[in-house]
Amino acid sequence: MVMAQAGNAAVYHRLLTEIGAWLRRYYARRLPPGVVDDAVQDTLLAVHVKRHTYDPARAFEPWLAAIARHKWIDRLRAMKAAPTEELTEAMIEDLSVGDHGEAVSSTWSLDRLLAELKPAQSEVIRLVKLQGFSIEEAAARTGQSISLVKVNIHRGLGRLASIVRSHPDVD
């Protein structure tokens with residue numbers, strides 16, 4: 001952010017891209033899917049407008065999190081004020097709930113496969129490949145170096161492929 005404040009456009013573009021990915025995860029856990037992108041865009045615009053208020057002597061993440069939290073609250077207020085439609089009996093009957101059996105089975109199988117790996121490998125694969133964290137974020141969360149995270153993902157995925165090839169009848 002300091003370099004972006006100094007006018008480095010390339011760094012500013014990269015910063016906004018990384019912030020956008022973080023905001024999508026942040027809002028995906030807090031808002032309905034249909035409003036996540038709008039909340040991300042509102043927050044990125046607020047960061048752009050308020051970037052001059054960032055103090056380089058302080059940590060960037062709390063500054064960003066405060067803006068994201070305020071935009072989240074704004075979005076919740078807007079959702080509360082939005083008119084809603086009452087569901088009729090006919091509408092309720094038309095709603096169908098899909099069978100989640102395959103998803104549950106897939107999750108269970110994936111958990112069993114990941115349990116075959118070393119814990120460090122399994123953890124970084126879950127963070128990066130399943131939850132969408134960056135390599136750097138996974139390194140910070142696990143205490144592993146960035147290069148070790150990459151190695152553990154590579155070796156873990158290789159081991160998973162080997163397990164699947166050797167047991168084609170695994171659930």
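What follows draws every value from the coordinates through simple rules; no lab data is involved. Every value quoted in this text rests on a predicted model; they were computed, and no experiment measured them. Quick reminder, even Gly has a Cβ in these numbers, built from the backbone with ideal geometry, and neighbours come from all protein chains shown.
Below, the figures for the structure above:
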| item | result |
| --- | --- |
| Descending semi-axes in Å of region 1-90, equivalent ellipsoid built from Cα gyration tensor | 32, 13, 10 |
| Per-pair calculated FRET efficiency, R0 = 30 Å: His167 and Ser134 via Cβ, rounded to 0.05 | 0.40 |
| Under the Karplus curve 6.51 cos²θ - 1.76 cosθ + 1.60, θ = phi - 60°, whole-Hz ³J(HN,Hα) for region 111-127, x wherever Gly or Pro sits | 4, 5, 5, 5, 5, 6, 8, 5, x, 5, 5, 4, 4, 6, 5, 4, 5 |
| Lysines whose Cα lies under 23 Å from that of Lys71, excluding same-chain neighbours fewer than 8 positions away | Lys50, Lys80 |
| Derived scalar couplings ³J(HN,Hα) [region 62-69; Karplus, 6.51 cos²θ - 1.76 cosθ + 1.60; whole Hz; x for Gly, Pro] | x, 4, 5, 4, 5, 5, 4, 5 |
| Rel. contact order, % - alpha carbon contacts under 8 angstrom, at least six apart, the chain | 15 |
| Estimated [θ] at 222 nm from DSSP helical runs (n ≥ 4, -39500 (n - 2.57)) normalised by residues in the chain, nearest 500 | -22500 deg cm²/dmol |
